[in-house]
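Note sheet for the following structure.
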DNA sequence: AAGTGGTCTAGACCACGTC
DNA sequence: ACGTGGTCTAGACCACTTG
């Protein structure tokens with residue numbers, strides 16, 4: 001009756017790894033291992049709920065919780081009457097984490113410094129409004145700042161903040177605090193869009209980054225909204241030879257978890 | 001006793017949006033809406049399970065399923081005795097989806113063509129082994145191919161395949177089928193790493209992409225493993241002025257969902 | 001038509017952390 | 001110590017889908 005009188009469904013439970021976790025966690029780990037190791041390849045039919053019940057000697061709700069979790073994680077899909085099947089990994093798509101600049105530099109073991117170059121309040125120009133969708137004439141804060149690693153320019157940050165959405169930004173001291181950090185603390189975002197592209201450094205950008213004109217740069221543009229209203233738009237220029245974005249992941253992280 | 005005799009917890013259920021979904025889906029949508037809209041800001045304490053039970057007139061397991069789902073989605077965190085709280089959005093980090101080249105081109109509404117330029121089987125050179133960690137002397141397949149959109153070179157793909165791991169690749173016809181697609185169908189990957197960088201096009205690459213030498217290119221390098229064994233390493237060069245990677249997401253997608 | 005998953009209930013005991 | 005979440009049970013009815 002209890003889950004302890006069944007040994008069949010608990011392969012390797014006597015080893016350290018299977019100990020002292022909850023039953024549904026052990027079942028989930030078992031199934032995930034089979035899927036991620038390839039033992040159950042995409043399309044493979046997972047045992048029915050009643051079979052897993054018998055194997056692990058537990059109630060149906062318990063295996064159901066596990067299988068629902070695997071669906072939410074994108075590892076399997078379920079069809080009534082047919083069964084549960086291992087999902088094919090998501091196309092060629094992938095997921096990439098972009099750390100913030102300061103954390104990035106510090107994690108490379110280099111000294112970090114930040115410099116505010118310009119900070120101007122103005123009514124949004126036509127050019128501004130192409131970057132951040134505020135109404136005509138709405139006030140924006142335009143920031144230009146430089147991230148410095150071990151004394152060398154590391155990245156250039158060019159940011160607009162919609163002051164209607166974030167009026168407190170007008171009085172914030174961005175020479176002391178990173179704009180990104182300040183915004184995150186004061187205005188949680190709810191939607192964001194990233195655009196990554198390669199572009200040659202124009203004369204002004206090249207001078208500020210201390211690289212030759214035309215140097216291939218990685219440009220990351222991020223725009224964030226809160227409830228549909230634009231908050232900020234930022235472009236970060238990285239000289240291409242110094243910066244790479246790296247991501248490591250498994251299908252589980254890519255598919256939904 | 002049943003869930004129908006309670007009106008309090010079901011705001012807006014009479015509208016079309018709340019109809020005919022399961023109870024836990026409606027509860028989840030309710031809570032997610034409050035969180036993502038900012039009505040419940042980060043740190044806010046969500047009602048206790050027993051409160052939600054009363055509000056929605058349902059069993060504890062039902063609200064528990066909802067709250068567990070929100071944890072898995074990274075939207076809340078729960079502490080015994082203390083309660084459930086809205087999570088702070090993940091740092092400056094972000095998530096980016098990289099679609100595969102063919103889907104990318106077709107989604108832009110352009111005609112897609114693919115050309116195999118070279119396909120060579122060889123023992124891994126020192127240079128190959130810097131890209132793909134196979135044993136010395138192990139056989140690899142080296143492919144070079146071009147993706148063409150509306151008749152113009154769109155991207156250059158430079159790929160190595162470990163033949164020890166994927167012997168069937170030796171006999172595959174890569175002039176007919178995209179290597180990436182073929183691999184995905186024959187060898188599901190389990191770990192992958194991406195590296196994104198900007199680099200100037202060297203003479204040979206520039207010629208094959210039909211751009212001036214030195215053009216800033218976006219280079220995406222992807223390596224995949226199966227159970228720790230390398231399968232393939234690929235570099236895709238995109239002329240920077242034609243290609244941008246775009247990602248749109250909410251904290252839920254970034255945090256773990 | 002049969003069997004699958006989808007959903008829900010009304011209990012229960014336990015572990016843990018805050019009070 | 002108390003109340004929270006964590007987990008689990010042994011049922012139940014329903015909807016869908018496939019054979």
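Looking only at residues in the stretch A:84-112 that are modelled with pLDDT of 85 or more and surrounded by fewer than 16 Cβ atoms within 10 Å (Cβ to Cβ), which one is nearest to the other protein chains (Cβ to nearest Cβ)?
The extreme case among them is A:106.
Name the one entry in B:29, B:13, B:39 that is more than 16 Å from DNA strand D (Cβ to nearest atom) and modelled with pLDDT under 50.
Numbers: B:29 fails: modelled with pLDDT under 50; B:39 fails: modelled with pLDDT under 50.
Of B:29, B:13, B:39, the one residue that is more than 16 Å from DNA strand D (Cβ to nearest atom) and modelled with pLDDT under 50 is B:13.
For residue B:68, state whether it is within 14 Å of chain A (Cβ to nearest Cβ), more than 16 Å from DNA strand C (Cβ to nearest atom) and either free of Cβ contacts under 8 Å to residues at least 60 places away in the same chain or closer than 30 Å to residue A:104 by Cα (or both).
Details: within 14 Å of chain A (Cβ to nearest Cβ): yes; more than 16 Å from DNA strand C (Cβ to nearest atom): no; either free of Cβ contacts under 8 Å to residues at least 60 places away in the same chain or closer than 30 Å to residue A:104 by Cα (or both): yes.
When the stated conditions are applied, residue B:68 does not pass them.
For residues in the stretch B:32-63 being without any contact (Cβ under 8 Å) to a residue 12 or more places away in the chain and assigned to a helix (DSSP H, G or I), which is nearest to the other protein chains (Cβ to nearest Cβ)?
Per the stated criteria, the residue is B:61.
Determine which single condition residue A:136 fails, assuming it passes every other condition in (1) in a loop (DSSP other than H, G, I, E, B); (2) within 14 Å of another protein chain (Cβ to nearest Cβ); (3) over 30 Å from residue B:35 (Cβ atoms).
Of (1) in a loop (DSSP other than H, G, I, E, B); (2) within 14 Å of another protein chain (Cβ to nearest Cβ); (3) over 30 Å from residue B:35 (Cβ atoms), only one is false for residue A:136: (2).
Going through the stretch A:71-81 one residue at a time, which ones are more than 7 Å from DNA strand C (Cβ to nearest atom), surrounded by fewer than 19 Cβ atoms within 10 Å (Cβ to Cβ) and either assigned to a strand (DSSP E or B) or more than 14 Å from every other protein chain (Cβ to nearest Cβ) (or both)?
A:77 - this is the single residue of the stretch A:71-81 that is more than 7 Å from DNA strand C (Cβ to nearest atom), surrounded by fewer than 19 Cβ atoms within 10 Å (Cβ to Cβ) and either assigned to a strand (DSSP E or B) or more than 14 Å from every other protein chain (Cβ to nearest Cβ) (or both).
Answer yes or no: is there a residue in the stretch A:55-77 that is away from DNA strand D (no atom under 16 Å from the Cβ) and outside the structural domain of residue A:225 (by TED's automatic domain parsing). Steps first, please.
So in the stretch A:55-77, the residues away from DNA strand D (no atom under 16 Å from the Cβ) come out as A:74-75.
Now narrow it down to the ones that are outside the structural domain of residue A:225 (by TED's automatic domain parsing): A:74-75.
Yes: the stretch A:55-77 contains one or more residues that are away from DNA strand D (no atom under 16 Å from the Cβ) and outside the structural domain of residue A:225 (by TED's automatic domain parsing).
Test each condition in (1) crowded, with 19+ Cβ neighbours inside 10 Å; (2) at pLDDT 95 or above; (3) more than 21 Å from residue A:41 (Cα to Cα) for residue B:198 and report the one that comes out false.
Result: residue B:198 fails condition (2) only.
Looking at B:129, B:122, which one is assigned to a strand (DSSP E or B) and modelled with pLDDT of 85 or more? Even if it seems obvious, please write down each step before you answer.
Values: B:129 fails: assigned to a strand (DSSP E or B).
Result: B:122 is the single residue among B:129, B:122 that is assigned to a strand (DSSP E or B) and modelled with pLDDT of 85 or more.
Applying the selection to the stretch B:159-193, what residues are buried (at least 20 other Cβ atoms within 10 Å of the Cβ) and assigned to a strand (DSSP E or B)?
B:159, B:160, B:161, B:162, B:192
In the stretch A:215-222, is there at least one residue being surrounded by fewer than 21 Cβ atoms within 10 Å (Cβ to Cβ), in contact (Cβ under 8 Å) with a residue 12 or more places away in the chain and within 15 Å of residue A:143 (Cβ to Cβ)?
For the stretch A:215-222, residues surrounded by fewer than 21 Cβ atoms within 10 Å (Cβ to Cβ), in contact (Cβ under 8 Å) with a residue 12 or more places away in the chain and within 15 Å of residue A:143 (Cβ to Cβ): present.
The values are calculated or read from the model by the stated rules, or taken from the named source; none is laboratory data. Bear in mind that the values here come from a model prediction, so they are computed numbers and not experimental data. Backbone-built Cβ (ideal geometry, glycine too); neighbour counts: all protein chains shown.
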